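A quick write-up on the structure given underneath.
Values in this text are rule-based calculations from the coordinates and carry no lab data. These numbers were taken from a predicted model, which means no experiment stands behind them. Using ideal geometry, Cβ is built from the backbone for each residue, glycine included, and neighbour counts are taken over all protein chains shown.
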Protein chains: 2
Amino acid sequence: MSKNLTSREKDYSKWYNELVVKADLAENSAVRGCMVIKPYGYAIWEKMQAELDRMFKETGHQNAYFPLFVPKSLFEAEEKNAEGFAKECAIVTHYRLENDPDNTGKLRVDPKAKLEEELIVRPTSEAIIWSTYKNWIQSYRDLPILINQWANVVRWEMRTRLFLRTAEFLWQEGHTAHETKSEALIEAEKMNSVYANFAENYMAIPVVKGLKSESERFAGAEQTYCIEALMQDGKALQAGTSHFLGQNFAKAFDVKFTNKEGKLNYVWATSWGVSTRLMGALIMTHSDDKGLVLPPKLAPYQVVIVPIFKTDSEFDKISDLANKITRDLQEKNISVKFDNRTTHRPGAKFAQHELQGVPLRLAIGPKDLENKTVELSRRDDFSKIIIPIDSIEEKIPLVLEDIQQSLFLRANKFRLENTTKVDSFDEFKEVLKNKGGFILAHWDGSAETENKIKQLTKATLRCIPLDNDKSQGKCVFSGKNSDQRVLFAKAY
Amino acid sequence: MSKNLTSREKDYSKWYNELVVKADLAENSAVRGCMVIKPYGYAIWEKMQAELDRMFKETGHQNAYFPLFVPKSLFEAEEKNAEGFAKECAIVTHYRLENDPDNTGKLRVDPKAKLEEELIVRPTSEAIIWSTYKNWIQSYRDLPILINQWANVVRWEMRTRLFLRTAEFLWQEGHTAHETKSEALIEAEKMNSVYANFAENYMAIPVVKGLKSESERFAGAEQTYCIEALMQDGKALQAGTSHFLGQNFAKAFDVKFTNKEGKLNYVWATSWGVSTRLMGALIMTHSDDKGLVLPPKLAPYQVVIVPIFKTDSEFDKISDLANKITRDLQEKNISVKFDNRTTHRPGAKFAQHELQGVPLRLAIGPKDLENKTVELSRRDDFSKIIIPIDSIEEKIPLVLEDIQQSLFLRANKFRLENTTKVDSFDEFKEVLKNKGGFILAHWDGSAETENKIKQLTKATLRCIPLDNDKSQGKCVFSGKNSDQRVLFAKAY
């Protein structure tokens, strides 16, 4: 299988598209721009969901569910938000089909069943949620509201790619309401840190935490925090965002509360989200020309056991051992698949598990039974070791932990090597053209300069890093004063 | 709070509607017929999801995700299914809004952005899934496919009620593909049994497993298995269905496979689902005039601790103890909430937890500290006992288990008392009018009789029970021969 995979060097974009399909993660559907997430891909997404959900709950959030549809009059209430999404909305206009009199057996939209008010399929839920919060909030005692929702959203994108940009995608969206500006700001930054923690410690993806410039902010936000990751082709990928929404939605939906002093104030808001786009980041950060590489913490199976046998009796003995190892490892919370299919040869199984990124492969043959050993193969670096059977329980958790860390360190090394400080616009263009990656450059803070750089180079201002050293300098484009380098890159 | 709840006897329907809102489970939204599921209600749904998901995986199913939209041409491919849902479909016709030139700041549908083919918001996913399976299935080696999806679906119902019937609802839908008819039939019956097991052992709701009559079958199914529960007002509620779809969808989407003998055959199918409607069943089976009653296995908090104190020093001492108890119980996988709010008095807290159905309340006051005791109050029967603090860890799991069982037994007793065998149509009408509940009666097997009974009495044939004793008799309506009693009731 993997022999058919285009190499990254030859065509990174083609490699990605092929890998997503061949590794059984997702495929295009009969609906333009919408994907089918296949069981193996969905199992990774479930692992992501479980960890994120735990993190959200540990930071005091609860899940809830709000309607899929937003009536047009609510959708347009917060003007900037509406303007930002109006061009890419799926719109429900009718609620009934009828038999098509001109076409037996076919249906057509019943023109009599036209909705009085059109419904927008949510591209994001601020409008419907803040129209609801209005009824939930009267006093400071009702605050904060800390709610998250797991949902599907629709943005009618013209150019789509599996996981990275699809018309429908799955995500979580947090929507919180606070008494004060500073509390909301703290929440927005905290949730961005939760995302960074998840990216680094579960996805093994190093990220830069930062703030978006004004022109890259979420429509309707006063401040957008983000995490930016670097893919193997030198392009950046925005992996999560957390927005400080000020009082914009409270004002649009007239949501006021009585504070402790008895005065009426508008409520402060945040929203934050990550989506199935994370799957794209995961794939593009670690995988190689042989296929997917998965960090053990998110792999549907962490270990696969492949029996090597000729006779039925060999198969039976190996199966007994494999079943025992499976049970022992499962007791240590390690997920194991015993690939006992008789329809496939070991070579084909090896290729499939390599393509699907199973972190650790354990092969057992008749000689291993004799010697009381098994062969461990790591997916991340293809190294193999032979270990005694009675050390499996002790050894495998350590190897999995080492794979998890190695993937992070490798990605981090790549990022450091591909982050370049530049001090002139010529250098900026040169690095972008010949090396790619993250560029740290001084910027004068104006949207005009940002926009010109984008027009001339296709690089965008990814973020103003939060943990950058402040350093005086001159904008690479305008030569004006700047007190901090910011992050530029071409991006997904 | 609970004092405002209408009693069940006075108006069962009003009681239900009030309870759902007052117990903070759900509320109506700004979108006609769509609900907001509030955090407390959603937490119950999450518990249901977790158990069901585990059961599906244990029976070999994997999760996946298919598009929200179904192109009209796919939707209408299986005619019976299309006909069954055509009258209640939300239809997306456009993909863009534009500024309304006649109305500054407002948006309108952009007439230039009309879709070439309309998209149906999925009312169920057989069509989109079987159009996908067509590409996945070539040979018997590709079978069975055992997939489940957690998703939202939309059915444009005219009369809606929170949880019971909403335009959008959350559900899971299993869609499986098999080599043989018998394998598909076994799957359909197995998943109906999984639902029965879940209803009885987690929701504490006794159910009748049965088959739907032809006129009550799912549109496009050849056989529909179901579980039927009895609510406290004597009405039945269909709590889950599992369909044997025959080869209908395989034929509609031309899905064939090469069998072991090398011959091409159409694939056999099942689908099965339960939805947020289960929340309605849960509420209506157990709750009382004081509010919600929850089985411990599905309660967001199984135990709530309420401190009774006057001074800060008392509060501190009680808090120390409460925190210790919380930790100890959490180690035993019991979920505990320490209600340490200083904004509410104990009485208000008691009322709230009663209204929200927390199975066990633990009150701790200064006297309890002195005596080293706590007071346990059960929500199901309001009984109170005082127990030594050092027996808490041992006692509470037993009490929770007892509550779970007692709720089932109570509901089962109610069901038995309200299941009546009748042998004439006069008796049928009399029981239906004066007693309600399940009616077991002989039926001649014809749709005509079923339909007339429905017209005359509003009772529907709920199911042909699977585990009924076969017994010869005469149809209560037509007097024709019948070899089994079937279940009738008025239903939600």
(message) Averaging over every viewing direction, what projected area does the convex hull of the Cα atoms of chain B cover, in nm²?
(response) 29.6
(message) Kirkwood Rh and Cα-based Rg: tell me the resulting Rg over Rh for region A:364-492, rounded to two decimals.
(response) 1.31
(request) Rank these for me by crowding, B:ASP102, B:ASP368, A:ASP53, going from fewest to most other beta carbons within 10 Å. (result) B:ASP102, A:ASP53, B:ASP368
(request) Kindly state, to the nearest 0.05, the FRET efficiency for A:SER193 paired with A:LYS324, given R0 = 56 Å and r defined as their beta-carbon distance. (result) 0.85
(request) Report the FRET efficiency, 1/(1 + (r/R0)^6), for B:ASN481 and B:ASP289, where r is their Cβ-Cβ distance and R0 is 56 Å, rounded to 0.05. (result) 0.75
(request) Could you work out the equivalent-ellipsoid semi-axes for region B:7-46, taking the square root of 5 times each eigenvalue of the Cα gyration tensor, largest first, in whole Å? (result) 20, 14, 7
(message) Could you tell me how many cubic angstrom of Cα convex hull volume region A:331-427 has per residue?
(response) 144
(request) Would you kindly calculate the mean projected area, averaged across all directions, of the convex hull enclosing the Cα atoms of region A:77-154, in square nanometres? (result) 8.0
(request) Take the Cα radius of gyration of the protein assembly as shown and divide it by 2.2 N^0.38 Å, with N its residue count; two decimals is plenty. (result) 1.00
(message) Quick check: the angle from helix B:312-331's long axis to the longest principal axis of chain B, C-alpha only, nearest 10 degrees?
(response) 40
(request) Using 0.36 nm per residue of separation minus the Cα-Cα distance, give me the extension gain between B:GLU117 and B:LYS337 in nm, one decimal. (result) 74.0 nm
(message) Distance cut-off 30 Å, Cα to Cα: go down the list A:LYS57/B:LYS332; B:LYS22/B:LYS490; B:LYS310/B:LYS395; B:LYS212/B:LYS256; A:LYS80/A:LYS112; A:LYS181/B:LYS310 and report the pairs above it.
(response) A:LYS80/A:LYS112; A:LYS181/B:LYS310
(request) Mind sorting A:VAL153, A:VAL20 by how few other Cβ atoms lie within 10 Å of their own Cβ, fewest first? (result) A:VAL153, A:VAL20
(message) Taking beta carbons within 10 Å but only from partner chains, what does the mean come to for residues B:103-115?
(response) 4
(message) Residues of region A:230-247 with backbone nitrogen within less than 15 Å of a virtual label 7 Å along the Cα-to-Cβ line of A:ASN412, please, listed as ranges.
(response) A:230
(request) Per residue, how big is the convex hull around the C-alpha atoms of region B:120-211? Give it to me in cubic angstrom, could you? (result) 133
(message) Let me check against my output: what whole-number percent is the relative contact order of chain A, with C-alpha pairs under 8 Å and at least 6 apart?
(response) 14
(request) Could you give the size of the charge dipole of chain B about its Cα centre, using +1 on the Cβ of each K and R and -1 on the Cβ of each D and E, expressed in debye and rounded to the nearest 20? (result) 780
(request) Return the distance in nm (one decimal) between the two label points of a simple spin-label model at B:LYS384 and B:GLU58, each offset 7 Å from Cα along Cα→Cβ. (result) 3.9
(request) List, in order, the whole-Hz ³J(HN,Hα) value for each residue of region A:111-126 obtained from phi through the Karplus relation with A = 6.51, B = -1.76, C = 1.60 and θ = phi - 60°; use x for Gly and Pro. (result) x, 6, 9, 8, 5, 5, 10, 5, 10, 8, 6, 3, x, 5, 10, 3
(message) Below 9 angstrom from the Cβ of A:GLY234, what's the summed charge of the other residues (Lys, Arg +1; Asp, Glu -1)?
(response) +2
(request) Round to the nearest 10 and give me the degree value, 0 to 90, for the angle of helix A:447-457's Cα axis relative to the longest principal axis of chain A. (result) 40
(message) Between A:MET158 and A:LYS474, what is 0.36 nm times their sequence separation minus the Cα-Cα distance? Round to one decimal in nm.
(response) 109.9 nm
(message) If you average the C-alpha positions of region A:357-393 and of region A:84-147 separately, how far apart do those two centres end up, in angstrom?
(response) 54
(message) Place a point 7 Å from the Cα of A:LYS421 along the Cα-to-Cβ direction; which residues of region A:467-486 have their backbone N under 13 Å from it?
(response) A:468-474, A:484-486
(request) Measure nothing fancy, just the Cα-based angle from helix A:12-22's long axis to the longest principal axis of chain A, in degrees from 0 to 90, nearest 10. (result) 70
(request) Rounded to the nearest 500, what is the 222 nm mean residue ellipticity of chain B from helices alone, with -39500 (n - 2.57) per DSSP H run of 4+ residues and division by all residues? (result) -11000 deg cm²/dmol
(request) At a temperature of 25 °C and a viscosity of 0.890 mPa s, determine how fast region A:419-489 diffuses translationally according to Stokes-Einstein, using the Kirkwood radius over alpha-carbon pairs as Rh; express D in µm²/s, rounded to the nearest whole number. (result) 209
(request) Check each of the trypsin sites (Lys or Arg not before Pro) in region B:384-492 and keep only those in coil by DSSP with at most 15 other C-beta atoms within 10 angstrom; list them in order. (result) B:LYS435, B:LYS458, B:LYS470, B:LYS480
(message) Defining a contact as two alpha carbons under 8 Å apart and six or more residues distant in sequence, what relative contact order in percent does region B:419-489 show?
(response) 39
